[in-house]
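Everything on this sheet refers to the single structure shown next.
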Amino acid sequence: MAAQPNQESRDAAKGRFTELKKVRDQAHEDAEKAKAAADEAMWKAIAAELDAGNALQLDVVDATGFSRDHVLRRTKPYRKN
């Protein structure tokens with residue numbers, strides 16, 4: 001059975017835990033930014049395809065599984081037509 005930690009070792013461990021949490025939080029933030037960038041790139045590209053007349057919104061729905069309303073909402077900011 002391990003001995004009870006003293007205050008010094010507990011304080012040192014808390015410092016390490018704080019640093020671990022900072023690293024984790026930064027990784028989560030980076031992942032969210034990457035996800036948002038990937039979403040934006042995809043919706044911009046889909047909007048460009050729709051604007052070029054290469055496909056219909058229904059084709060996007062069929063290919064992605066997203067609802068028509070979702071496709072409309074997500075592509076609207078990037079549509080030129």
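The values are calculated or read from the model by the stated rules, or taken from the named source; none is laboratory data. Please read these numbers as outputs of a predicted model, since none were measured by experiment. In this analysis, Cβ positions are derived from the backbone assuming ideal geometry, glycine residues included, and neighbour counts consider all displayed protein chains. SASA here: full protein model, heavy atoms, side chains in, ligands and nucleic acids out. Shrake-Rupley method; radii C 1.70, N 1.55, O 1.52, S 1.80 Å.
If you take the residues of the stretch 36-81 that are assigned to a helix (DSSP H, G or I) and basic (K, R), which of them is least open to solvent (accessible area, probe 1.4 Å)?
My answer is R74.
Residue-level check: of (1) surrounded by 11 or more Cβ atoms within 10 Å (Cβ to Cβ); (2) outside any loop (DSSP other than H, G, I, E, B), L20 misses just (1). Selection of the stretch 4-17 for residues being open to solvent by less than 90 Å² (accessible area, probe 1.4 Å) and assigned to a helix (DSSP H, G or I) yields S9, D11, A12, A13, G15. Contact map, the stretch 1-16: first residue modelled with pLDDT of 95 or more, second residue surrounded by 11 or more Cβ atoms within 10 Å (Cβ to Cβ), Cβ cut-off under 8 Å, separation 6 or more or different chains; pairs are A13/P5.
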